[in-house]
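What follows is a set of notes on a single structure, which appears directly below.
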């Protein structure tokens, strides 16, 4: 098989249930994808989430804001017959999250032009009322504060839990140690942290380090803090953009012409 990534080995750190799409797109371009989930997602059970969902379906929220496919699935997957006709307006951080909403019959009212939580907060209009933020348990607090600055009352609930994976698959560990992995893809800061926790002992003795390819600036910042060389950042911040970033990041570098003296 030939393609733009022919012969390249690319590690996919997404949770296992979300890795197939990215792995398939990389394989279509000739790469050898290695699925090595750096994080796991677990459901949340409890009255806090259930109460928020009851309030959402009864008109208690002006907006419901979703920042990931996992958040959409955690919320709308539990709403049953109410999922397609929410009385609240709905915001999605980007096209991937919007696509997940549409799969449940919900058309988002707001998608920012740049697919980041900061852009989402800027795009949200000013107003009054409650805004549901259904997020991961480890998501940072900046979105809550930005929503409050617009006049809204943010109500954050943990829609799912994120925990680091326990260990690398044996094949991934061996290929990292041998320096045969060309790039590692990251779609969240938590994936960066999970990967570093698992892979640090292997990378310490590796023949060469792979390049980090990140879906957005927040993820890239986490990779740089962890000491990973970031070769490219997706533009736009989607899975398709991430694959294009892998192509850019692994493109052979041109040598600067040497000057004769």
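Along the three principal axes, how long is the range 1-97 when you take its alpha carbons, biggest first, rounded to the nearest angstrom?
Per principal axis, max minus min of the Cα coordinates gives 54, 24, 20 Å.
With both partners inside the range 42-163, how many of the DSSP beta bridges are antiparallel, as a percent to the nearest 5?
10 percent
In what sequence do 8, 89 fall when counting other Cβ within 10 Å, fewest first?
89, 8
In what sequence do 176, 53 fall when counting other Cβ within 10 Å, fewest first?
With the sparsest Cβ surroundings first, the list reads 53, 176.
Place the peptides 224-235, 40-51 in order of packing, highest mean first, counting for every residue the other Cβ atoms within 10 Å and averaging per peptide.
Order by mean packing, descending: 224-235, 40-51.
Subtract the Cα-Cα distance of residue 99 and residue 126 from 0.36 nm times their separation in residues, and report this length gain in nm to one decimal.
In short, 7.2 nm is gained.
When the helix-only estimate is applied to the chain (DSSP H runs of n ≥ 4, each -39,500 (n - 2.57), divided by the residue count), what is the mean residue ellipticity at 222 nm, nearest 500 deg cm²/dmol?
Helices in the chain give a 222 nm mean residue ellipticity of -11000 deg cm²/dmol.
Report for the chain the percent antiparallel among DSSP-assigned beta bridges with both residues inside it, nearest 5.
Given both bridge residues lie in the chain, the antiparallel proportion sits at roughly 15 percent.
Classify the range 42-163 from the C-alpha gyration tensor, please: rounded if a/c falls under 1.5, else prolate or oblate depending on whether a/b exceeds b/c.
Rounded shape, in that the Cα axes give a/c under 1.5.
Full-extension gain between residue 149 and residue 206, please, as 0.36 nm times their residue separation minus the C-alpha to C-alpha distance.
15.8 nm
Label points 7 Å out from Cα along the Cβ direction at residue 119 and residue 47: separation in nm?
Here the answer is 4.1 nm between the modelled labels.
Just so you know, all these numbers are worked out from the coordinates, no wet-lab data involved. Keep in mind it's a predicted model, so treat the numbers as computed, not measured. Positions of Cβ are generated from backbone atoms using ideal geometry, with glycine treated the same way; all protein chains shown enter the neighbour counts.
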